[in-house]
1. Does segment A:39-74 hold any residues that are in a helix (DSSP H, G or I), surrounded by fewer than 16 Cβ atoms within 10 Å (Cβ to Cβ) and out of contact with any Phe, Trp or Tyr (no Cβ under 7 Å at 6 or more places or on another chain), and which are they?
2. What about residue B:335, is it over 19 Å from residue B:97 (Cβ atoms), free of Cβ contacts under 8 Å to residues at least 40 places away in the same chain and small (Gly, Ala, Ser)?
3. If I ask for residues that are surrounded by 24 or more Cβ atoms within 10 Å (Cβ to Cβ) and under 21 Å from residue A:371 (Cβ atoms), which ones from segment A:143-162 would you list?
4. Among the residues of segment A:229-239, is any more than 13 Å from chain B (Cβ to nearest Cβ), closer than 25 Å to residue A:301 by Cα and touching a residue at least 60 places away in the same chain (Cβ under 8 Å)?
5. Working carefully through the options A:375, A:344, find the one that is of a type in the set (A, V, I, L, M) and in contact with a Leu (Cβ under 6 Å, 6 or more places away or on another chain).
6. Every residue in segment A:370-414 that is under 23 Å from residue A:132 (Cα atoms) and among the acidic types (Asp, Glu), please.
7. Given the condition surrounded by 18 or more Cβ atoms within 10 Å (Cβ to Cβ), of a type in the set (Gly, Ala, Ser) and under 18 Å from residue A:105 (Cβ atoms), answer yes or no: does some residue in segment A:28-35 qualify?
8. Checking residue B:141 against (1) within 18 Å of residue B:388 (Cβ to Cβ); (2) outside the structural domain of residue B:396 (by TED's automatic domain parsing): exactly one of these is not met. Which one?
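The values are calculated or read from the model by the stated rules, or taken from the named source; none is laboratory data. In this text the structure is predicted, and so the values were computed from the model without any measurement. Positions of Cβ are backbone-derived with ideal geometry, glycine not excepted, and every protein chain shown enters the neighbour counts.
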Protein chains: 2
Amino acid sequence: MTSLKEKIYSQIDGMEKELISYAQELIKFPTVSGQEKEAQEYVRKVLEKDLGFDEIDIWEPDIEEMRGHKAFITQREDFKGSPNVVGTLKGAGGGKSIILNSHIDVVPEGSHDEWCHPPFQGEVAEGKIYGRGASDMKVTKASFFIALKALQQLGLKLKGDVLIQSVIEEEAGSAGTLACVLRGYKADAAILPEPSVFKICPATQGSTWFRVNLYGLSAHGGKRYEGVSALEKLPQVISTIQQLEIYRNEKYAHPLYKDVPIPFCINIGNVEGGSWPSTVPEKVSIEGRMGIPPAEELEDGWRMFEEWIDKTAETDAWMKEHKPDVEWFGAFWGSGQIDMEHPIVKTAEQSYQEVTGMSPVLAGTPWATDARVLIDFADTPALVFGPGHTAHCPDEYMVVEDLVNYTKMLASMLVDWCGYQE
Amino acid sequence: MTSLKEKIYSQIDGMEKELISYAQELIKFPTVSGQEKEAQEYVRKVLEKDLGFDEIDIWEPDIEEMRGHKAFITQREDFKGSPNVVGTLKGAGGGKSIILNSHIDVVPEGSHDEWCHPPFQGEVAEGKIYGRGASDMKVTKASFFIALKALQQLGLKLKGDVLIQSVIEEEAGSAGTLACVLRGYKADAAILPEPSVFKICPATQGSTWFRVNLYGLSAHGGKRYEGVSALEKLPQVISTIQQLEIYRNEKYAHPLYKDVPIPFCINIGNVEGGSWPSTVPEKVSIEGRMGIPPAEELEDGWRMFEEWIDKTAETDAWMKEHKPDVEWFGAFWGSGQIDMEHPIVKTAEQSYQEVTGMSPVLAGTPWATDARVLIDFADTPALVFGPGHTAHCPDEYMVVEDLVNYTKMLASMLVDWCGYQE
C-alpha cells in the first residue's frame, strides 16, 4: 500500500464520529416513498456547505416525460414531494468521472413493535448503527461525504468529476435513476453501494412480478363433480413454474452466480381463490416474482413464462379451453451487466484488498438494482458494491467498522479511478 | 287410485290460486338469518285462523340452554328476532302422528342485479314461482297449508296428530330443529320437503367445514432457497385430500348413492396465503367442506381427516417438524338415515306413484338437512322428500305444477299415514 493510501485511511479513521453523525442524520428522515423531500434538502445542504460541490441539481421528475420509456414503471400519479438530487464536484481535468449513486427511499418500516431499536433514530449499540436504511442504503451516503471530505482535508484534488446521485423510487422500479439518465447524467463508471456484503457485483439481476389466474367452474361443494376446481389446476402450474426455474437457471448459468443455490429464483409469494368453503372455486390466482438473469431481456423472460404456462394449459383438457391468464403487474426491473474485467471492477477489487487484506469476491446480485438503468440507458458501466447485509427487515443495521472500511474503499477508488493532484 | 284420493286431488286442483297466494306471501318476507319474526307471525296466523290448529308454540330458542349439545352450532350470540313456530293439529285419536318440518330461513339473496325476477316478490311467470326460498324451502309450507285445508274442506278428520314445524337456522347448522327436539316435540315420522327433485331420501348426508393451515419459512423471493414455501406443500395436501375422498367413498359406499359420481365429496373451496409477491409465503390456508356419509359419526370423520393430514406431514421432512393444523370451524351437520323399508318411505313412494303415475326414485341427499336431528335426537324417523330443484342461486324457482303435485302427495301421505275419519 502506498503511503498516500495510508494517510487517507488514517484520516478517515479520525473521522469516525463525523461519519456516524451523518449516518444518523440520514436515518432520522423517514424517507418512505413520497416523503423524501426533507432528506434530499439535507443532502443538498451537505454537498453545498460541507463539500463545496460546484453544481447541485434538485428536481421532481416529471412523470409525463418518462412515460413510454421501456424501463419506466411507477405506481405513483406524480413525484410531488420526491425530488432527486444530483451534485457535481468538478475535477481538475484529465481524469475519469464517476457516479456515486444511492437511493434515498426506503421500504416501509412495518410495525415499530418489531424493532428493538427504533427505525428512525439511528441508535448506535454494540458497534452497529440501527434503523431503516442503515444497510439499504441511506447510510452509505455518509461514506460518500466522508470519503470526499477526507480527500479534501488532505489537500487532494481529484482529476475526474464526481457526481453524487441521491435518487428516489429505487424500491419501486428505478424511476429516480432513470430520471437522472433522461436528464443527461452519465460518467465513465458508477458505484452503487447496495448491501452486497462487500461482494463486488458486475452483474445485476432483474426481476418482474407476475400474476397467473386459473379458472374453474363453480358448483356446490356437495356436488363438486358438477364443477371444475380452479385450485386443482394449481399443482400443475406450480410444477411448471418449478421446472421453468430449473430450465432458466441451466440456460442462463452465469459464472458470477455459480455458488448460489438458485441464482434466478421464481418465487410464488401469494395465493388466493374461492368464495366459500362449500363452493367449488372458480378462480384461483397466484402472484410472484421471477428473476431476470443478466443476459436476458425482460421481454424475453415474459414471453418464456407465458409460453410455459400456455404449454401446461395444452396438456389439460379443461385448461386448454379455459386458458390461464398471465399478468405482468406491479413492478419490474431489467437486468444488466458489465465486463468482469472492466477497469472499475479492478479498481474496486484493489480497494477491497488494500483495506481488508483479503481477496475480493465477485458475484451477481440476487435482486434488482438501479445499476441496470445506468448500464443500459446512460452508457455508464455501473458496479454494485456495498457493505450492508440486512435489508427490508426490522432492526436493519450497519456495522460501524464495515462503514468505516467502506469509506476507505470509496476514497481509494476515487483516487485510483479519477486520478488526483496534490 | 281410490275415489277418496281422486276427490282430494280434484279439490287441490281447485285451490291452485290459493296455493300460489300462500307461496307468494311466504316469499315476500326476506327471511335471512335474524329476520324471520314477521314471517313466523304470518305462519302462526295461518295455522290459527285458516287451519284451526289447536296449539301454537312460538318462541325464541335460548342459546344458553342449547350449548353443550353435541349437535349444537351457531355463529349467533342469541336468537332474538328469530322465533321457531310449532303448531299442533290434534288428531281424532288412534292414528300415527307426523311432523311436517320446513325451515323459514333462507340463504342471502346476493346481488339483486343477478336476478331477472326479484328475490322477494314471488313473481309467477311461465308456470314458475320465482324468489329466494321458492325451492329451498319456504314455498312447500304453502303445500302443508293447502293439503290440510283441502282435507278439512272435504270433511276429513285425520286420526293422528299433525305437527307443523317452521324452524329457523337450518342453513346455519340445524339449531331451530334442535330447539324443537329439546322442547320435546317428536312424532311417528317426519317429512322435510328439501329440494330433492321428488327423490325420496331416507338417508341424509352430513357435512363439516375444515381449515388446514400449512406453514413455511419466510425469505426474500430472490433468495427463496433461504426460506420454505408453505405453498409448495399444498399440492401434497391437495393430493392427500383427493385420495381421502376416494377412500371414504369406497369405505362408506351406500346403495342410495350408487348413481352419484362422488357421493361424499370433499371440496376445497378457499385458498389464501402469502404477504408479498416477492416474499416466500410462510402460511397458506385452505378451507373446505367434507361430506359425512350416513353411516359415519361426525367425530369419526374429523379424526380420519386429521389422521390423513398427519400421515402426509410425516412423509415430508419440513412438515414433520412444522405440522399443518386442522381446524373445524364454521358449521357442521351430522348425517342420518332411516331404514329404506320404513313405512314412511313406503307411504311416500305410494303418494308419488299415485299422483304422477311414475316409479319413485330413492336416493340419499347430497347435502345436510335437519332430518338428522329428528332421527338421532327425537327418535323420529324423518324423510327428505320435496319438489324443488334449485337452491342458493339467483332466480330460484318452483314449478307451479310440481307444487300442486307435491301438495297432492302430502295430502295423500297424511291420509295414509295418520288415518282419517269422514
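1. Listed by number, the residues that qualify are A:41, A:45, A:48, A:49, A:64, A:65.
2. No; evaluated as a whole, the condition is false for this residue.
3. Passing the criteria: A:143, A:144, A:147, A:162.
4. Looking for residues that are more than 13 Å from chain B (Cβ to nearest Cβ), closer than 25 Å to residue A:301 by Cα and touching a residue at least 60 places away in the same chain (Cβ under 8 Å), one finds none in segment A:229-239, hence no.
5. Just a single option satisfies the conditions, and that option is A:344.
6. Correct list: A:370, A:395, A:396, A:401, A:402.
7. yes
8. With (1) within 18 Å of residue B:388 (Cβ to Cβ); (2) outside the structural domain of residue B:396 (by TED's automatic domain parsing) applied to residue B:141, the lone miss is (2).
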